[in-house]
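> Would you mind keeping the following structure in view while I ask a few things?
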Amino acid sequence: MTQSGPDRTVGQDRSTLSPREAARIAMVGKSTIMRAIEATQLEARRDNRNQWRIERSALDRWTMDRPGPDRDSPTDRTKADRDSLMGRTGADWPTLADDLNKARLTIAQMEARLEERAALVRAAEADRDRWRDLAEKLTDRPAAPPADLPVPSLRRWWPWRRG
């Protein structure tokens, strides 16, 4: 059975993928697939319509060779999704307990740093409020000079011109 659409035309081989389909399966962008093809990191060929076709096995090899935390083959992801903590062996539990303890320690350290930062913010806000009060006191003073000072007489701009 063949499927019609922008990525698959009548008569195309189902064992090959378009760059868009490969990107969806590998959970990356189409541009990432195209860069890998141009850099010859991902094997691909052009079909009679000059469109890129990627073998599933080549996509699996490229996905396994890519750096990153997720090195599972895209076709094996459904099997990995079915695995859960319930399927782990007893040998994994000490490792999980160590990871949990490390995570708790990291959380405690982050909470301490957060509290330090909160204290700094509170100190800065108190300092800001003190400066604001001082500025308000300064602006409450009268702007006019005191009455006991003599007011200077106005000078003419051009003293030699009388008139």
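> Within segment 49-62, is even one residue loosely packed, with under 11 Cβ neighbours inside 10 Å and at pLDDT 50 or above?
yes
> Sticking with this one: Could you count how many residues in segment 10-31 are open to solvent by 30 Å² or more (accessible area, probe 1.4 Å) and either part of a loop (DSSP other than H, G, I, E, B) or modelled with pLDDT of 90 or more (or both)?
Here is the first cut: in segment 10-31, the ones open to solvent by 30 Å² or more (accessible area, probe 1.4 Å) are 10-11, 13-15, 20, 24-25, 27-31.
Then drop every residue that is not either part of a loop (DSSP other than H, G, I, E, B) or modelled with pLDDT of 90 or more (or both), which leaves 10-11, 13-15, 20, 24, 27-31.
The number of residues fulfilling the criteria is 12.
> Select from segment 135-155 the residues that are modelled with pLDDT of 80 or more, hydrophobic (A, V, I, L, M, F, W, C) and open to solvent by 80 Å² or more (accessible area, probe 1.4 Å) and list them in ascending order.
Correct list: Leu138 only.
> Next question. Filter segment 75-98 for residues that are open to solvent by less than 80 Å² (accessible area, probe 1.4 Å), modelled with pLDDT of 55 or more and part of a helix (DSSP H, G or I) and give the result.
Asp92, Pro94, Thr95, Leu96, Ala97
> Could you grab the pairs with beta carbons closer than 8 Å, sequence gap of 6+ or different chains, first residue in segment 47-63 and of a type in the set (S, T, N, Q), second one in a helix (DSSP H, G or I)?
The qualifying pairs are Thr63/Ala26; Thr63/Pro74.
> Could you tell me which numbered condition Lys102 fails, if it satisfies all but one of (1) modelled with pLDDT under 80; (2) surrounded by 10 or more Cβ atoms within 10 Å (Cβ to Cβ); (3) not β-branched (Val, Ile, Thr)?
Lys102 satisfies every listed condition except (1).
> Quick check, is Thr40 over 26 Å from the mean Cα position of the chain (by Cα), modelled with pLDDT of 55 or more and open to solvent by 30 Å² or more (accessible area, probe 1.4 Å)? It would help to see each step written out before you state the result.
Working: over 26 Å from the mean Cα position of the chain (by Cα): yes; modelled with pLDDT of 55 or more: yes; open to solvent by 30 Å² or more (accessible area, probe 1.4 Å): yes.
Answer is yes for this residue.
The values are calculated or read from the model by the stated rules, or taken from the named source; none is laboratory data. Owing to the predicted nature of the structure, the values given are computational and were not obtained by experimental measurement. Cβ sites come from the backbone with ideal geometry, for glycine too, and all protein chains shown count toward neighbours. With ligands, DNA and RNA removed, areas are computed over all heavy atoms of the protein, side chains included. Shrake-Rupley method; radii C 1.70, N 1.55, O 1.52, S 1.80 Å.
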